[in-house]
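Down below is the structure, laid out as structure tokens.
Coordinate-derived values only; no laboratory data. Remember, it's a predicted structure, so these values are computed and weren't measured experimentally. Cβ sites come from the backbone with ideal geometry, for glycine too, and all protein chains shown count toward neighbours.
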């Protein structure tokens, strides 16, 4: 009887007289396994089924043998990653890299794990190694550029994406990242990037970014249109940006660009009703020269009300917190 085949197909195991099922749960007699490859195959079968606890048992057996050690450690790292044990996952990938510093799969996995761990400096260094080994990889280039963007290294991020011009024509994520890089640098090229992305995609946050870029470049009419479209596209107030933030953006734009229009104040009051309570943003409105004096008086009243409400809310939260702490001691 072919023992390896019998582990994966219905039948009877001649060594332990138990039924052998697809999920491998009935036959666990170690005598039925005769090689490292079989330990590894069983572990990976469990992995594919999402049964990570069983997969780890078999892969840990396989990793004790040189022939399947590296592959087993890599997949044990994948299991740890999938189960959000990121520190453990990184240790597996790092063990592989200690023996084989140019292992591309382990480098990529380690880099992505470092992102999850929040160590962007380490992730940046690892992706630098990845691209040195596989400079043609647009996906890895995108990940590297995204890390640099998050670290506010905008020039470097743009330089990385410049190595993959074809990706800009085909990959929507790359196109959006470049638009965001240009926006962070206040480059007018961001406008074309956002406009092109929005031709085939819908996202109120991206549209909000596009509108704010239009506003900063003085295209007020188009900016107002995009802010209003973003408001219509919002499916939930839990999404970003919040409805209150969009109403505030509309209010700010009208107050600055069209001082005779009373809708600016109305939009500001709507923003506050929707929950807008950014005191610093309201204070900034009072410093803008283009806003009418009577509008500033209204803004000041709104600011005073928002500040008072915020103070009361914070005081209430502190009181509730203190009460909970006191109750713990009873």
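Here are the numbers for this structure:
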quantity: Unique residue being surrounded by 11 or more Cβ atoms within 10 Å (Cβ to Cβ), in a helix (DSSP H, G or I) and free of Cβ contacts under 8 Å to residues at least 60 places away in the same chain when the list is 315, 308, 319, 271; calculated: 271
quantity: Helices (runs of 4 or more DSSP H) fully within segment 178-267 counting 1 or more residues that are under 20 Å from the mean Cα position of the chain (by Cα) and farther than 21 Å from residue 288 by Cβ; calculated: 189-200, 204-216
quantity: Output for segment 134-154, where each listed residue is surrounded by fewer than 14 Cβ atoms within 10 Å (Cβ to Cβ), more than 17 Å from the chain's Cα centre (by Cα) and in contact (Cβ under 8 Å) with a residue 24 or more places away in the chain; calculated: 135
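Matching residues to (1) over 22 Å from residue 146 (Cα atoms); (2) in contact (Cβ under 8 Å) with a residue 60 or more places away in the chain; (3) buried (at least 21 other Cβ atoms within 10 Å of the Cβ); (4) in contact with a helix residue (DSSP H, G or I) (Cβ under 7 Å, 6 or more places away or on another chain):
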position: 179; (1), (2), (3), (4): no, no, yes, yes
position: 190; (1), (2), (3), (4): no, no, yes, yes
position: 193; (1), (2), (3), (4): no, no, yes, yes
position: 201; (1), (2), (3), (4): no, no, no, yes
position: 210; (1), (2), (3), (4): no, no, yes, yes
position: 214; (1), (2), (3), (4): yes, no, yes, yes
position: 223; (1), (2), (3), (4): yes, no, yes, yes
position: 246; (1), (2), (3), (4): yes, no, yes, yes
position: 257; (1), (2), (3), (4): yes, no, no, yes
